[in-house]
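A short worksheet on the structure shown next.
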Amino acid sequence: IWRQGVRYSQFFMVAWLGLPVGLAMTILMRISLLPSTTITEHAYQIGALWLSIAWSLALADRINKLRTELQSSESHLSQILEGLPVGVVMYGKDRKPNYSNRRVYEILSNPARGIIADLSARRTLEEAMAYFSLRLEGSDRPYPLSRMPVQRALKGESAAVDDIEADLLDRRVSLEVWASPILDESGNVEAAIVTLQDITARKEALAENEQFRLHLED
């Protein structure tokens, strides 16, 4: 497998090479085929030390390879998330976002009015709801925290709603929001993954259809 290019086999062979060489030198010194010197006297210990050092290098190489593979996977995942047509936000247990894709910025930002969906602001869930003026659909009432899918996901419950409006001062954006908990190995909530979609056009089309239905009835 060394000839097949598997790197860890190279470290394995190099690691074990020192030990038999050291043992052979010790035996040859005992039968007087090699002179007794500091090196030949301690050749076996030197071989064992060589083995330990080579194993350490092999472990470091393996860790570096895994880190490279992880970085490559993270980069690939980030490209996928950035290309999604829906906004994606990751909330940690501290109730602050750790990641958001470009679509979140496009949906919730209104730079002309100073409203920016900036991840570096590290707003808590409550602060984000106030900053983006999340309202109950068709009213000026703040959206209830208890009904927010993020809040429910951080408690271990998957949830979805489509009655949220973000008041961006010169316009309102209707949102459909889904959230699901991410659990650790013990089954405890570690984070929440949230997706959101601008459904303003859909809501307007439904309203127009309703008006048209009423007109037909009249």
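The values are calculated or read from the model by the stated rules, or taken from the named source; none is laboratory data. In this text, all values refer to a predicted model and were calculated from it rather than measured experimentally. Here the Cβ is made from the backbone with ideal geometry for all residues, glycine too, and neighbour counts use every protein chain on show. Areas reflect the complete protein model, heavy atoms only, side chains present, ligands, DNA and RNA absent. Shrake-Rupley method; radii C 1.70, N 1.55, O 1.52, S 1.80 Å.
What the table shows:
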quantity: Length-normalised contact order for the chain - Cα pairs under 8 Å, 6+ apart - percent; calculated: 14
quantity: Under Karplus coefficients 6.51, -1.76 and 1.60, residue-wise ³J(HN,Hα) of region 26-36 in Hz, glycine/proline x; calculated: 5, 5, 5, 5, 5, 9, 6, 8, 10, x, 7
quantity: Computed [θ] at 222 nm, helices only, for the chain once each DSSP H run of length n ≥ 4 contributes -39500 (n - 2.57); calculated: -16000 deg cm²/dmol
quantity: Euclidean distance between Cα centres, region 126-172 to region 46-107, Å; calculated: 31
quantity: Residue-normalised accessible area of the chain, expressed per residue, 1.4 Å probe, Å²; calculated: 65
quantity: Share of carbon and sulfur in the accessible heavy-atom surface of region 137-177 [1.4 Å probe, %]; calculated: 45
quantity: Net charge over other residues, Cβ less than 15 angstrom from the Cβ of Asn188 (K, R count +1; D, E count -1); calculated: -3
quantity: Region 44-162, Cα convex hull volume normalised per residue, Å³; calculated: 165
quantity: Structure-derived P(r) over Cα pairs in 10 Å bins from 0, in percent: which label, when the choices are [x] 8, 27, 27, 18, 11, 6, 2, 0, 0; [y] 7, 21, 20, 12, 10, 9, 9, 6, 4, 1, 1, 0; [z] 7, 29, 32, 20, 9, 3, 0; calculated: [y]
quantity: Residue-count net charge about Ala117 - beta-carbon cut-off 13 Å; Lys, Arg +1, Asp, Glu -1; calculated: +1
quantity: Shape call, region 155-218: gyration tensor on alpha carbons, a/c limit 1.5; calculated: prolate
